[in-house]
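I'd like to ask you about the structure that follows.
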Amino acid sequence: MYTPAHFAESRRCAVHALIRTNPFAALVTGGPDGPTATHLPFIFDSNRGAHGTLRGHMARANAQWSEPGAFDGTAEALVIFTGPHAYISPSWYHENQAVPTWNYSAVHAYGIPRTVAAPEAVLALLADQVAFFEAGFEQPWNTSALPLDWLVRLSAGVVAFEIEITRIEATSKMSQNRPTEQLLVAAELERLDDAVSVAVAAEMRASHDAR
């Protein structure tokens with residue numbers, strides 16, 4: 001991933017937070033006919049492996065998992081996590097010499113996907129995913145609400161997998177190259193009053209305060 005030095009995000013806690021806060025990502029694998037991508041929710045275990053481990057599942061009917069070099073343990077895959085992003089207008093700068101740009105944050109995680117075959121391990125992974133995404137609900141739902149035999153039959157229709165991250169790249173482009181204008185642009189984004197622009201503004205303010 002192209003990342004100028006002043007936009008590189010090397011703080012482990014910040015990288016992990018971006019993954020957990022934006023868990024719906026694109027899984028990209030290489031096949032005989034070229035790259036294949038599927039958008040999937042992931043959970044992240046930071047305690048497994050040097051860079052952590054991603055856990056997820058896809059429909060068994062999705063041909064991606066059975067393509068040569070995808071889930072057979074022979075090739076690296078890429079998982080792309082994207083944080084909040086927004087268009088930045090040059091009209092928001094004090095300086096006259098400016099052009100439009102885009103502020104964003106992203107993590108590229110690489111590793112070899114490996115399928116989870118044991119039925120009990122598949123059920124455990126699905127239960128862990130549900131627990132993660134239900135957390136914070138007033139009355140969290142969990143898989144124990146379903147008849148076990150029905151859940152076992154249903155789980156046969158998915159392919160569960162894990163990816164131990166072998167390398168990771170992260171960028172957080174939040175106008176760090178214009179430090180005197182950073183808070184001004186953040187204020188303009190806040191004036192737009194939409195959730196994504198406000199989220200970008202919050203990251204810009206955090207970046208400014210961390211200098």
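Here are the criteria: (1) closer than 29 Å to Glu169 by Cβ; (2) in contact with a strand residue (DSSP E or B) (Cβ under 6 Å, 6 or more places away or on another chain). Tell me which single one Val122 does not satisfy.
(1)
Follow-up question, since we're still on this one. Within region 1-36, track down each residue that is touching a Ser or Thr at 6+ places or on another chain (Cβ under 8 Å), small (Gly, Ala, Ser) and not in a strand (DSSP E or B).
Of everything in region 1-36, just one residue is touching a Ser or Thr at 6+ places or on another chain (Cβ under 8 Å), small (Gly, Ala, Ser) and not in a strand (DSSP E or B), namely Ala14.
Just checking, how many residues over region 63-72 are surrounded by fewer than 15 Cβ atoms within 10 Å (Cβ to Cβ) and modelled with pLDDT of 90 or more?
Summing the residues that are surrounded by fewer than 15 Cβ atoms within 10 Å (Cβ to Cβ) and modelled with pLDDT of 90 or more in region 63-72 gives 3.
While we're here: When region 69-81 is examined, which residues are found to be assigned to a loop (DSSP other than H, G, I, E, B) and in contact with a Pro (Cβ under 6 Å, 6 or more places away or on another chain)?
The initial filter retains those residues of region 69-81 that are assigned to a loop (DSSP other than H, G, I, E, B), namely 69-71, 73-76.
Phe71, the sole residue that qualifies.
Hey, does region 113-131 have a residue that's closer than 16 Å to Thr38 by Cβ and of a type outside the set (Val, Ile, Thr)?
yes
Would you mention how many residues in region 82-110 are assigned to a loop (DSSP other than H, G, I, E, B) and either in contact with a His (Cβ under 6 Å, 6 or more places away or on another chain) or surrounded by 16 or more Cβ atoms within 10 Å (Cβ to Cβ) (or both)?
Of region 82-110, the ones assigned to a loop (DSSP other than H, G, I, E, B) are 83-85, 89, 93-100.
Still in the running and either in contact with a His (Cβ under 6 Å, 6 or more places away or on another chain) or surrounded by 16 or more Cβ atoms within 10 Å (Cβ to Cβ) (or both): 83-85, 93.
The total comes to 4.
Residue check, Val15 against (1) under 14 Å from the mean Cα position of the chain (by Cα); (2) surrounded by fewer than 17 Cβ atoms within 10 Å (Cβ to Cβ), all met but one. Which one?
Among (1) under 14 Å from the mean Cα position of the chain (by Cα); (2) surrounded by fewer than 17 Cβ atoms within 10 Å (Cβ to Cβ), the lone unmet condition for Val15 is (2).
Anything in region 37-52 that is part of a strand (DSSP E or B) and surrounded by fewer than 18 Cβ atoms within 10 Å (Cβ to Cβ)? List them, or say none. Give the steps one after another, and end with the answer.
Residues of region 37-52 part of a strand (DSSP E or B): 37-41, 43-45.
Matches in region 37-52: Ala37, Thr38, His39, Pro41, Asp45.
The values are calculated or read from the model by the stated rules, or taken from the named source; none is laboratory data. Because the structure is predicted, anything quoted here is derived from the model rather than measured. No Cβ is skipped: glycine too gets one built from the backbone with ideal geometry, and neighbour counts run over all protein chains shown.
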